[in-house]
Amino acid sequence: MKLADRLSKIKPSQTMEITAKAKALKAEGIDIVGFGAGEPDFDTPDFVKDAAKKALDEGKTKYTDAPGLPELRDTLVEYYRRTENLEYSRKEAIFSMGGKHSLYNIFQALLSDGDQVIIPSPYWVSYPDQVLLAGGTPVILKTREEDGFRFKPEAIEKLITSDTKAIVVNSPSNPSGAVYDNATLAGICEVAVKRKIFVIWDEVYKDIYYGSGRLRSLPRYNSEVKPYTLICGGLSKNFSMTGWRIGWTLGDEAVVKAMSMIQGQSTSNPVSFAQYGAMAALKRGPTHIDGWLTQFRARKDALLEAFKRIDGMSCVEPEGAFYVFPNISGWYGKSWEGKKLENCYDVTKFLLEKARVAVVPGDPFGHPDNIRISYALGMDELVKGIKRIDVAVRELQ
Ligand code: GLU
C-alpha cells in the first residue's frame, strides 16, 4: 500500500517513542530509569480532578463548541488579564487537545506551501515536522552551547526572506532549559514588528523557572508585538495534566477563527469534562508551583553535580523547564561490548541496554552531540539512574 506522500517528509516523535519503549520494558519487568518523558511525576492537583469528576456526575459529557466552552475561554481571558495584565477577547482564544495540537493547528492555519518558519535550535522535536506537514519549510537558526543555546535577534533578521511567515520562540526551552533575557526578547519583538512576521510564543514551561520573579508572556516586553504574537500555553507541565490534553492559543482573531474551523472539521472540541478541570485550574492558578520548583531545582542541581564527575560530559545549566541537555561527544570513539559509540543514537542505545536508563537522543532536537535527560522523576530514581550512567561510562573502553 502506498501512504500519503507528505509522510515521507516526517519521522516518528522521538520523545514519544523513547517514553513508550521505556514503559514497555518496565511492563516486561525490566528495571529502567526513565529520563525520557517530558512529563512531571507529580499528580494532578485534587481540586482539578474534583472539578472534572463533578462535571462527569452532572452529565457534562456532550459536545461543546469546537474551540472550547465559552465560559472556559472567558476564564482564560480573565487569567491573562489577572496574571499578565494582557487584554484578549473570547474570539481571540481557542482550546485544543494539548499544546502540541495548538501548534499543529497554528501551522495548518498559517502556512501555504513553501512558507518559511524560523526555528531556533535546539528545538522541541515536533516543530519542524509539524511545519513540514503543513507544507511549510523549517529554517533552522542554530545556537551554540558556548552561548548558552541563545541567539541574538540580529541572527533572525539574516534568515528572514519574503517567504518568512513566523518564528517559533520557546522559553524556557525544551530541551535546553534556556531562558531568553529581556534584551533578546525586546529584540525579537522589534524584528517581528518591523518585518511583520508572527511569533509563535510557546510558553508551556513559563511557570517552571528557577530564577527570581516570574517569566512573562512576550507582549509584556513590547505591546506592539501583541498583534503578531500567538501565545501557546497549556496545563500539561505546570498542573501535571499531560494526559488531559488541554492547550490553548491566544492571538489574532482571524488565525483563531481558522484554527477553530480546522478543529470543527477534525477533532471538534477538547474533552468536555477535561475542560471543566481546566476551568478550575485557571480560576485558582498554579498555587502549588513553588513546592514543585523546590523539587525540580534539587534534581537539576544533583544532575549537574554528577555530570561534573562523569568523564566526557559537559552541560549548560538550564534556567527553566525540567530538562538538561548535556554534550556527550566526549564518549565518541569509545566502545562497550565491542560496539563503538559514534553518535547520540549509539549513546542512547548504550545507556538503555547497558545502564538501563532511557534518555532521548539530541539529533531530533537539532543537536546530534547531545542527549536530553528529563528530571521529571523522583530523587531516588534520579540518583539510581545517575549511578548507573556513571558505572556504565567507567566501563567504556
Ligand atoms: N513535550 C514532551 C517532551 O518533549 C512530551 C512528549 C511530546 O509530546 O513530545 O517530552
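Some values worked out for this structure:
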read-out	value
Subset of segment 241-257 [touching a residue at least 60 places away in the same chain (Cβ under 8 Å), more than 19 Å from Tyr127 (Cα to Cα) and open to solvent by 10 Å² or more (accessible area, probe 1.4 Å)]	Trp244, Asp252, Glu253, Lys257
Pair list, Cβ under 6 Å, 6 or more apart: segment 112-126 residue without any contact (Cβ under 8 Å) to a residue 24 or more places away in the chain, other residue away from the ligand (no atom under 15 Å from the Cβ) and open to solvent by 10 Å² or more (accessible area, probe 1.4 Å)	Asp113/Gly135
Within segment 34-59, considering residues that are more than 16 Å from the ligand (Cβ to nearest atom) and open to solvent by less than 70 Å² (accessible area, probe 1.4 Å), the one farthest from Asn238 (Cα to Cα)	Gly59
Condition broken by Glu145, with the remaining ones in (1) surrounded by 18 or more Cβ atoms within 10 Å (Cβ to Cβ); (2) touching a residue at least 60 places away in the same chain (Cβ under 8 Å); (3) of a type in the set (Asp, Glu) satisfied	(1)
First in segment 165-184 and without any contact (Cβ under 8 Å) to a residue 40 or more places away in the chain and open to solvent by 10 Å² or more (accessible area, probe 1.4 Å), second anywhere and in a helix (DSSP H, G or I) and aliphatic (A, V, I, L, M), Cβ under 8 Å, 6 or more apart	Tyr180/Ile188
Residue that is farthest from Thr75 (Cα to Cα), among those in segment 276-288 that are within 21 Å of the chain's Cα centre (by Cα) and surrounded by 17 or more Cβ atoms within 10 Å (Cβ to Cβ)	Pro286
Residue pairs meeting the criteria (Cβ under 6 Å; at least 6 apart or on separate chains; first part of a helix (DSSP H, G or I), in segment 40-63; second of a type in the set (Phe, Trp, Tyr))	Ala51/Tyr276; Ala52/Phe273; Ala52/Tyr276; Ala55/Phe273; Ala55/Tyr276; Leu56/Phe273
Any hit, segment 5-24, residues being outside any loop (DSSP other than H, G, I, E, B) and more than 30 Å from Asn370 (Cα to Cα)	yes
Selection from segment 362-374 of residues that are within 12 Å of Pro326 (Cβ to Cβ) and within 16 Å of the ligand (Cβ to nearest atom)	Gly362, His367, Asn370, Ile371, Arg372, Ile373
Contacts under 9 angstrom Cβ, first residue in segment 97-110 being assigned to a loop (DSSP other than H, G, I, E, B), partner within 11 Å of the ligand (Cβ to nearest atom), 6 or more apart	Met97/Arg245; Met97/Gly247; Gly98/Gly234; Gly98/Ser236; Gly98/Thr242; Gly98/Arg245; Gly98/Gly247
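The values are calculated or read from the model by the stated rules, or taken from the named source; none is laboratory data. Note that this is a predicted model, so its numbers are computed, not measured. Every residue, glycine among them, receives a Cβ derived from its backbone with ideal geometry; neighbour counts consider all protein chains shown. Each accessible area value is taken on the protein alone, full model and side chains, heavy atoms only, with ligands, DNA and RNA left out. Shrake-Rupley method; radii C 1.70, N 1.55, O 1.52, S 1.80 Å.
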